[in-house]
Amino acid sequence: IAATLADRPARVPDLAAENQALHTLARQPIDDPQSTLKIMVRIARDLCQADSVGIGLTETLPDGTKVFRWVAIAGALEFLETIAPNNFSFCDTAIHCGEPQLYARPELYFTYLDHPQFPIVEGMQFPLCANDRQLGTFWLLSHNEQRLFDREDLRLMTSLAGFAATALQNIYLRQTAEGALQREQAAKLE
């Protein structure tokens, strides 16, 4: 229902809070990616006044199955550790569309999202891609009929998703470089 955002009134941007959030993110050490992701989801929850926020990353299991693993969650669903199928999931559709998606009652389509104590009124997904690599998604959920997402959420999360994609790409590049260095050092010792 992403087209409905155009018709909804948008709240006034809180530029001071957004600026403070970006400064907080910029000060995060690059050697602690899990902490950075957790801070990102808390910032997104606060800036967008969402009930649950998370980052799901693509992963290949040992048997070759591709999944999305929710690696950082803030808010009502923080207790969950979810692995979603790659071929039909809330996360997968946003990546395949290549742009933010807004869903009404997504648990009706993606039944693994069904948690009776936390019904989802709306879910908003943002693909995380860097250099044509699909990394995962950044998502927001509203569990409250009074809180519907608007264009300000779209603006904020588009910015945060870009920051998250860049941070994740840097993490992957660093891990790749460290792995190559370790293999090179091991080869020299042989």
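The values are calculated or read from the model by the stated rules, or taken from the named source; none is laboratory data. Small disclaimer: the values here were computed from a predicted structure and weren't measured. FYI the Cβ positions are ideal-geometry reconstructions off the backbone, even for glycines, and counts take in every protein chain you see. These accessible areas exclude ligands, DNA and RNA; they are computed on the full protein's heavy atoms, side chains included. Shrake-Rupley method; radii C 1.70, N 1.55, O 1.52, S 1.80 Å.
What region 1-141 shows is 51 Å² of accessible area per residue, with the surface traced by a 1.4 Å probe over protein heavy atoms.
Count neighbours as other Cβ atoms within 10 Å of each site's Cβ, and list the GluC sites (Glu not before Pro) in region 103-159 that are DSSP loop with at most 16 such neighbours. Could the numbers behind the result be given before it?
Numbers: sites: E107, E122, E145, E152; in loops: E145.
For GluC sites (Glu not before Pro) across region 103-159 that sit outside H, G, I, E and B with at most 16 neighbouring Cβ atoms in 10 Å, the list reads E145.
Accessible surface comparison of L154, L47, probe 1.4 Å, protein chains only, largest first: the order is L154, L47.
Just to confirm a number: summing +1 for Lys and Arg and -1 for Asp and Glu over residues other than R155 whose beta-carbon lies under 11 angstrom from that of R155, what do you get?
Details: positive: R11, R151; negative: E18, D150, E152, D153.
For residues surrounding R155, the net value is -2.
The L189 and A26 beta-carbon pair, evaluated with R₀ = 41 Å, returns a calculated FRET efficiency of approximately 0.60.
Tell me, in nm to one decimal, what length is gained between R151 and A6 on full extension, where the rule is 0.36 nm per residue of separation less the Cα-Cα distance? Please list the in-between numbers first.
Numbers: separation 145, 0.36 × 145 = 52.20 nm, distance 0.71 nm.
Contour length minus Cα-Cα distance gives 51.5 nm.
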